[in-house]
Every structure is written in C-alpha cells, then in structure tokens.
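The values are calculated or read from the model by the stated rules, or taken from the named source; none is laboratory data. Worth saying up front: this structure is predicted, and the values here are computed from it rather than measured. Using ideal geometry, Cβ is built from the backbone for each residue, glycine included, and neighbour counts are taken over all protein chains shown.
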Amino acid sequence: MANRASENPIITPAMVLPSRPDFEVLGVFNPAVTRHDGQVVLLLRVAEAPRKMSSALAAAPIF
C-alpha cells in the first residue's frame, strides 16, 4: 500500500474545472488511475455547488 503525504495532495479542487461556469468545485475525492485503450485515465469524484444562490432561481447539474 502507498502512503500519501497530507501536505502534497494528488489533486485539489483548484486543479479541476467546474462543469458549468456558474458552479465552483468544492472538493475532489477517490482519485484512481487506470489504462484504457493504451491511455492512462484519471478518474475522480467531484463535488460542485452554484457560485451564487438565489431564492428566485435554482441551479443543478445535469448528468
């Protein structure tokens, strides 16, 4: 098993672009690496939220 240094995270929220321009990335979790069709692929879970909340509008990501 590999040990990760807490002061040197693999990936941070600042390294990930949000799925929409009006969202911000709050956290990245469970990174994993695999090979697919000869390429190295990074998989991770991303938590996002709207940048500005409004009582008149509701924003949600579309999957």
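Tell me which of these ASN3 doesn't satisfy, since it passes every other one: (1) in a loop (DSSP other than H, G, I, E, B); (2) at pLDDT 90 or above; (3) of a type outside the set (Lys, Arg).
(2)
Identify, please: which residue in segment 21-63 is assigned to a strand (DSSP E or B) and among the acidic types (Asp, Glu) and is, among those, surrounded by the most Cβ atoms within 10 Å (Cβ to Cβ)?
Ranking the candidates gives GLU48 first.
List every residue pair whose Cβ atoms lie under 7 Å apart, where the two residues are 6 or more positions apart in sequence or sit on different chains, the first residue falls within segment 47-63 and is over 15 Å from PRO18 (Cβ atoms) and among the charged types (D, E, K, R), and the second residue, located anywhere, is surrounded by 10 or more Cβ atoms within 10 Å (Cβ to Cβ) and at pLDDT below 80.
none
The conditions are (1) among the hydrophobic types (A, V, I, L, M, F, W, C); (2) assigned to a strand (DSSP E or B); (3) exposed (fewer than 13 other Cβ atoms within 10 Å of the Cβ), and ALA14 fails exactly one of them. Which is it?
Only one criterion is unmet by ALA14, namely (2).
VAL40 is checked against (1) in contact with a strand residue (DSSP E or B) (Cβ under 7 Å, 6 or more places away or on another chain); (2) touching a residue at least 12 places away in the same chain (Cβ under 8 Å) and fails just one. What number does that condition carry?
Among (1) in contact with a strand residue (DSSP E or B) (Cβ under 7 Å, 6 or more places away or on another chain); (2) touching a residue at least 12 places away in the same chain (Cβ under 8 Å), VAL40 violates only (2).
Where residues in segment 1-38 are in contact with a Pro (Cβ under 9 Å, 6 or more places away or on another chain) and among the small types (Gly, Ala, Ser), which of them is farthest from LYS52 (Cα to Cα)?
Only one residue tops the list, namely GLY27.
Surrounded by 10 or more Cβ atoms within 10 Å (Cβ to Cβ) and under 10 Å from the mean Cα position of the chain (by Cα): does that describe PRO9?
no
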